[in-house]
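Trainee: Shown below is the structure under consideration.
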Number of protein chains: 2
Amino acid sequence: MAKKLKPKKRSSKTAARLTRPKRTKKTVRRRERAPEPAATAESMAAQQRSISISEFFAKNRHLLGFDNPRKALLTAVKEAVDNSLDACEEARILPDLLVEITALQQDKFTVTVTDNGPGIVRKQIPNIFARLLYGSKFHRLKMSRGQQGIGISAAGMYGLLTTGQPVEIVSRTSSSKKAQLYHVQIDTAKNKPRISVDQECDFELPTGTRVTITLKGKHQKGRQSVDEYIAQTAMANPHAGIVYKSSNGATVEYQRQAKELPPTGRQIRPHPYGVELGLLLRMAHDSRLKQLSAFLRKDFSRVSARLARTICQKAKLSIRLKPSKLTVHQAEALHAAINKTKIMAPATDCIAAIGAERLEEGLKAVVKADFYTATSRSPSVYSGNPFLIEAALAYGIKDGNGGDPEREPVMRLIRIANRAPLLYQQSACAIYRSVVDVNWRNYSVTQNRGSLPNGPMALMVNMASVWVPFTSESKEAIAHYPEIIREIQLAVQDCGRKLGAYLRRKKRVQQEMEKRRYIETYLPYIGEALQDILSLKQHDVILVTSRLQELLEKTRRI
Amino acid sequence: MAKKLKPKKRSSKTAARLTRPKRTKKTVRRRERAPEPAATAESMAAQQRSISISEFFAKNRHLLGFDNPRKALLTAVKEAVDNSLDACEEARILPDLLVEITALQQDKFTVTVTDNGPGIVRKQIPNIFARLLYGSKFHRLKMSRGQQGIGISAAGMYGLLTTGQPVEIVSRTSSSKKAQLYHVQIDTAKNKPRISVDQECDFELPTGTRVTITLKGKHQKGRQSVDEYIAQTAMANPHAGIVYKSSNGATVEYQRQAKELPPTGRQIRPHPYGVELGLLLRMAHDSRLKQLSAFLRKDFSRVSARLARTICQKAKLSIRLKPSKLTVHQAEALHAAINKTKIMAPATDCIAAIGAERLEEGLKAVVKADFYTATSRSPSVYSGNPFLIEAALAYGIKDGNGGDPEREPVMRLIRIANRAPLLYQQSACAIYRSVVDVNWRNYSVTQNRGSLPNGPMALMVNMASVWVPFTSESKEAIAHYPEIIREIQLAVQDCGRKLGAYLRRKKRVQQEMEKRRYIETYLPYIGEALQDILSLKQHDVILVTSRLQELLEKTRRI
């Protein structure tokens, strides 16, 4: 394969023309199109090799949310803020965050996020900030913003690729200890951290972490800006205090609205529904338990001893079977039996919902409107993962068309997953799909085919889950699992129905008012006419007209 | 952290009520909401660990295109077909593919793809089919369908997870050898293959590969079906013969349209534009070359010795500087100098375009229409990767509204990347975005805000590149790089302008015809009137009217 690795040097078309001006165009073209030698199975085998996960993501950085400078800045802020909020909540500390963006050059910024969380143990710092697929949140089922152990290391890697600067971390785990300062950068070929600074230093808080990333970016206002992200984050996290120092020198302070931490979701075991055959087989083989019934009871949630026996009976398997000896055939029977058995839905409290009321309040804080409604679905399951959908809707927003009175406004969709707002890839998101697929004409609003409905309204949808399935590692859009789409639609339809009732009532009241105006306008004339025809006295006329009015108003259905 | 790993067993709400019916609702609720113990830096550190890439993708299988059974079946077929076509083309063999889908149960299928490619060397088979991030196409810049070394192993992993069945491979590299049969399955915890069968066997072709995957799926007709995918693949690959045996027993044969293989793209070195600072620094440090000028000349494309000297001069660096000693500061200067220097666009022949004519023919084969046009842009660069956009448009499609005469049809968009059709995630794709953002009203067709234009038309866009940036590992949509969007828009606008000219001409011709009708209708009467007024003879009348007609037709602008 030496030939393939060192392709023949060929002069470019232009250069060829300069040096050999007499050659015909045809010759040049033929030369340029000369094929490389055909590959063989052997030559191809010589090129086969494994790829490090960081090389993969360095080349596919858009998968992580770093496709363009503006989004890169947002993604870096988002990953740092997500980590800080998660750490504070796990340690049951009311979060106080300081987010600073400083412009070094027009397209070069530092992002610094400081939190009052529990801090990070010294030896873990390099791995957490400069190694992809390393973290505490992947191998468990528990609700959190972070999931994959990629985010903050990826932000650091992007910074390194675009500016050559390492990530700087200061972290302090106890008021009785000094803080630790690290400068780390990822070695992409090996997916391992490289440490350039490792020393003690001062830190103004008793515990907490500060991370600083230098990166190429673009700081710009608008719907998908860092400013909007911070505002929506504050809205979805009323228990957090956030100070935001923008690169233009402005400081915005979002004060803590709720003095109590939200309940944390519990860590759970997988629910038997949705666990697929192959996964079941692997879990059985990996289990240390000696009996099938114990395996079902202890490695899954919602399986009692009685239920385990029932399942084994249906599968025609002994409850004493050793899980690690399970064959594919037996696993098939077990899998079929599980799906034929009624098992209680997963525990509610593994998911901490924002709550319909809080969600409505959050929406009220952001948009002024005439009508609000909210709904919270009960938990459901996709692929064995419990999740819950909440939605809040506001109608009659002032200035819903962004100040342009000519344009009919389109619904504004606010998407949230585990308290983290999603700003990009709206149209790829299951929330968008679900909202578009609802027939909004049923609720008295107009809608173009395949679009969001029209009207001065905003819809906020939150998905809370122990594992939110995002369409990419950048966590911008929720994947189209049928179970999730169904739940979102049910929640949205519930809000829609309430909106429809409100709009129809409003219309009826309007028609009513018009009708009343007619009655009030014409009744005196009817009185006069009656007076003429029946020769009534004035006080009889008043009596008759008032009775008529009463009667007419009663007979109308409101 | 023992506490955390074994959460207290808590009875469910319902169960609690059954056993202790007298407890108030409030107590139950409080018990349920009791928080887990707060985490500390130390307890969190104990949970930190690394995640294997296969565990990651097993949990995030939707990233690989396995979100639902229907798409899973398509993705498995697509990955196998992509690999087969790539292998044949690299070995310069005209591809003959046999794609079979067999239903085992209603929701369980086997996918078998057989090719006449060069075969796979025995020891590489397990890694290629049961190890993620393993392949020959990642570490090079060369146009191919596969890129990442994930696809086929992921399909096998999905099959394993859903049915417990291993992947079966038969491959033969020479007519003088027997074929090799393997059954392999991925060990997700380690991302390594596990081999269950490894023996010699017979194979009907002198060289080639057959892969069989058993998986849960759903076989269904329609726009996003396997049938449609095979049809579009045949359209974009006229040099391939494909026989498709559907699960319903039908066999479709797509015969080879072109007897010649398309030119292969050459493997290239990265272009200096778009190589970012961090990457430049890493390339310099990894380079074995001793001098900066040699590094620029040999590790990049399109840099001559003279150009290398100019760049070094601009950066105020010695051409004899050792690349491996480059500091961040020097790299910044070098990076700035590169981007201030005019460097020739990347070589065209690293990308094998389908060609505007072929593209138009392909479109003609699929849709019958009144008007066709096609365009091919010259190559451009994003992040150092050359790419090229081609587009073909058909207008006046018969039955463009899918048989519903009431509905105004919307443009049908056919997206292709390196000859592989993209069927899913249309709205997340840079092609869709670009087409929607073009103002189609300029070209005399209607368009709703934020939607595809209306009209009986189809648009086919192909992106050819040494590295197509997909929005997810499932390769369904192209990422939104500004350079790519711009090129797509230019190509689409070019087609749009030609369409606009055609539609305006058509309209003028129509108006013209109407005008002519008027002239022809009224001219005899004018003749009669003139005859009366001027007392002309009959032959004078004929003369005058024919002259009038001539004159009128001349003065009208067509």
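The values are calculated or read from the model by the stated rules, or taken from the named source; none is laboratory data. As the structure is a computational prediction, the values presented were derived from the model and not from experiment. Glycine gets a Cβ as well: all are built from the backbone with ideal geometry, and neighbour counts include every protein chain shown. For the accessible areas, the whole protein counts, side chains as well, though only heavy atoms, and no ligand, DNA or RNA atoms are used. Shrake-Rupley method; radii C 1.70, N 1.55, O 1.52, S 1.80 Å.
Trainee: Quick check: the angle from helix B:356-366's long axis to the longest principal axis of chain B, C-alpha only, nearest 10 degrees?
Mentor: Relative to chain B, helix B:356-366 is tipped by roughly 90 degrees.
Trainee: Quick one: with all protein chains in place, what share of the accessible area of chain B is carbon or sulfur, to the nearest percent (1.4 Å probe)?
Mentor: 50 percent
Trainee: Hey, what's the Cα Rg ratio for chain B versus the globular rule of thumb, 2.2 N^0.38 Å?
Mentor: Here the answer is 1.32, to two decimals.
Trainee: While we're here: Region B:137-210: which chymotrypsin sites (Phe, Trp or Tyr not before Pro) are DSSP loop and have at most 14 other beta-carbon atoms within 10 angstrom?
Mentor: Filter output for region B:137-210: empty list.
Trainee: Hey, another quick one. Restricting things to alpha carbons, tell me how big region A:436-524 is in terms of Rg and Dmax, in Å.
Mentor: 19.7, 73
Trainee: For each pair in B:137/B:325; B:108/B:245; A:216/B:137; A:298/B:216; B:78/B:221, compute the distance between the two Cα atoms and list the pairs where it is over 23 Å.
Mentor: Too far apart for the 23 Å limit: B:137/B:325; A:216/B:137; A:298/B:216.
Trainee: Describe numerically, in nm with one decimal, the distance between label points set 7 Å from Cα along Cα→Cβ at residue B:94 and at residue A:368.
Mentor: For the pair residue B:94/residue A:368, the computed spacing is 7.4 nm.
Trainee: Using the 7 Å Cα-to-Cβ label point, sort the distances from residue B:68 to its equivalents in the other copies shortest first and give them in nm to one decimal.
Mentor: Between copies, matching label points for residue B:68 lie 3.0 nm apart.
Trainee: Hey, rough spin-label estimate for residue A:517 and residue A:319, points 7 angstrom out along Cα→Cβ, what's it come to in nanometres?
Mentor: Distance between the two pseudo-spin positions: 7.6 nm.
Trainee: Based on the alpha-carbon gyration tensor of region A:469-512 and its eigenvalue square roots a ≥ b ≥ c, which shape applies: rounded if a/c is under 1.5, prolate if not and a/b is larger than b/c, or oblate?
Mentor: prolate
Trainee: How shielded is B:478-485 by partner chains, expressed as the average number of their Cβ atoms within 10 Å of its Cβ atoms?
Mentor: Mean shielding by partner chains, rounded to a whole number: 3.
Trainee: Taking only the alpha-carbon positions of the protein assembly as shown and ignoring solvent, what does the Debye formula give for the base-10 log of I(q)/I(0) at q = 0.10 Å⁻¹?
Mentor: After summing over all Cα pairs, the log10 values are -1.43.
Trainee: Still on this structure, please answer the following. Using the charge dipole of the protein assembly as shown (Lys, Arg: +1 at Cβ; Asp, Glu: -1 at Cβ; taken about the Cα centre), state which of A:363, B:338, B:167 has its Cα farthest towards the positive end.
Mentor: Value computed over the given set: B:167.
Trainee: Rounded to the nearest 20 debye, what is the charge dipole size of the protein assembly as shown about its Cα centre when +1 sits on each Lys and Arg Cβ and -1 on each Asp and Glu Cβ? Working shown, then result.
Mentor: Working: 184 positive and 104 negative charges, 697 e Å.
With only Lys, Arg, Asp and Glu charged at Cβ, the dipole is about 3340 debye.
Trainee: In addition: Considering only Cα-Cα distances, which of the following residue pairs are longer than 23 Å: B:515/B:537; A:218/B:142; B:123/B:218; B:290/B:314; A:218/B:475? If you can, show how the numbers build up before the last one.
Mentor: Working: B:515/B:537 28 Å; A:218/B:142 31 Å; B:123/B:218 34 Å; B:290/B:314 20 Å; A:218/B:475 28 Å.
Beyond 23 Å between Cα atoms: B:515/B:537; A:218/B:142; B:123/B:218; A:218/B:475.
Trainee: Working with all protein chains in place, sort B:472, A:175, A:324, B:380 by solvent-accessible area computed with a 1.4 Å probe, largest first.
Mentor: From most exposed to least exposed: A:175, A:324, B:380, B:472.
Trainee: So what's the back-of-envelope 222 nm ellipticity for chain B, counting only DSSP H runs of four-plus at -39500 (n - 2.57) apiece and dividing by all residues, rounded to 500?
Mentor: -12500 deg cm²/dmol
Trainee: Could you work out the relative contact order of chain A? I mean the mean sequence separation of Cα pairs under 8 Å and 6+ apart, divided by the number of residues, in percent.
Mentor: 11 percent
Trainee: Bin by bin, in steps of 5 Å, what percent of the Cα pairs in region B:232-320 do you find, going until the bin that has the longest distance?
Mentor: 3, 11, 15, 16, 8, 4, 5, 7, 9, 9, 7, 4, 2, 1, 0
Trainee: Tell me: how much accessible area in total is hidden between A and B, 1.4 Å probe, Å², nearest 100?
Mentor: Accessible area lost upon association: around 8700 Å².
Trainee: Follow-up. Work through the residues other than residue A:243 whose Cβ is under 9 Å from its Cβ and net out their charges, Lys, Arg +1 and Asp, Glu -1.
Mentor: Combined, the nearby Lys, Arg, Asp and Glu give -2.
Trainee: If you plug each phi of region B:203-216 into the Karplus form 6.51 cos²θ - 1.76 cosθ + 1.60 with θ = phi - 60°, what whole-Hz ³J(HN,Hα) values come out, in order, with x for Gly and Pro?
Mentor: With coefficients 6.51, -1.76 and 1.60, one gets 8, 6, 9, x, 9, x, 9, 10, 10, 10, 10, 9, 8, 6 Hz.
Trainee: Can you list the GluC sites (Glu not before Pro) in region B:211-268 that are in a DSSP coil and have 10 or fewer other beta carbons within 10 angstrom?
Mentor: B:260
Trainee: I've got another one for you. Once Lys and Arg get +1 and Asp and Glu get -1 on their Cβ, which of B:426, B:353, B:133 lies farthest toward the positive end of the dipole of chain B?
Mentor: Ranked along the dipole, the leading option is B:133.
Trainee: Solvent-accessible area per residue for chain A at a 1.4 Å probe radius, Å²?
Mentor: For chain A, the per-residue accessible area is 46 Å².
Trainee: Continuing with this model, one more query. Relative contact order of region B:130-194: what whole-number percent is it, with Cα pairs under 8 angstrom and at least 6 residues apart?
Mentor: Reported as a whole number, the value is 31 percent.
Trainee: Can you give the mean number of other chain Cβ atoms that lie within 10 Å of the Cβ atoms in peptide A:420-433?
Mentor: 2
Trainee: So who's got an amide H within less than 5 Å of the one on residue B:412, skipping anything under 5 residues away but keeping other chains? H placed 1.01 Å off N, in plane.
Mentor: Answer set, sorted by chain and number: B:457, B:458, B:459.
Trainee: Hey, what angle do you get for helix A:69-90 against the long axis of chain A, alpha-carbon based, 0 to 90 degrees rounded to 10?
Mentor: Here the helix axis deviates by roughly 80 degrees.
Trainee: May I pose another question? Starting from the 7 Å offset along Cα-to-Cβ, what nm value, one decimal, do you get for the label separation of residue B:546 and residue B:256?
Mentor: The answer from the label model is 6.2 nm.
Trainee: While we're on this one: Enter the mean number of other protein chain beta carbons within 10 Å of the beta carbon of each residue in B:111-124, as an integer.
Mentor: Rounded to a whole number, the mean comes out at 3.
Trainee: Oh, and also: Name the long-range amide H neighbours of residue B:91: under 5 Å, sequence gap of 5 or more, or other chain; modelled H, no Pro or chain starts.
Mentor: Amide H neighbours of residue B:91: A:39.
Trainee: Sort A:474-483, B:40-49 for me by packing, meaning the mean count of neighbouring Cβ atoms within 10 Å per residue, highest on top.
Mentor: A:474-483, B:40-49
Trainee: Assuming R0 = 35 Å, what is the FRET efficiency of residue A:187 and residue A:223, from their Cβ-Cβ distance, to the nearest 0.05?
Mentor: Numbers: r = 37 Å, r/R0 = 1.06.
That gives a FRET efficiency of 0.40.
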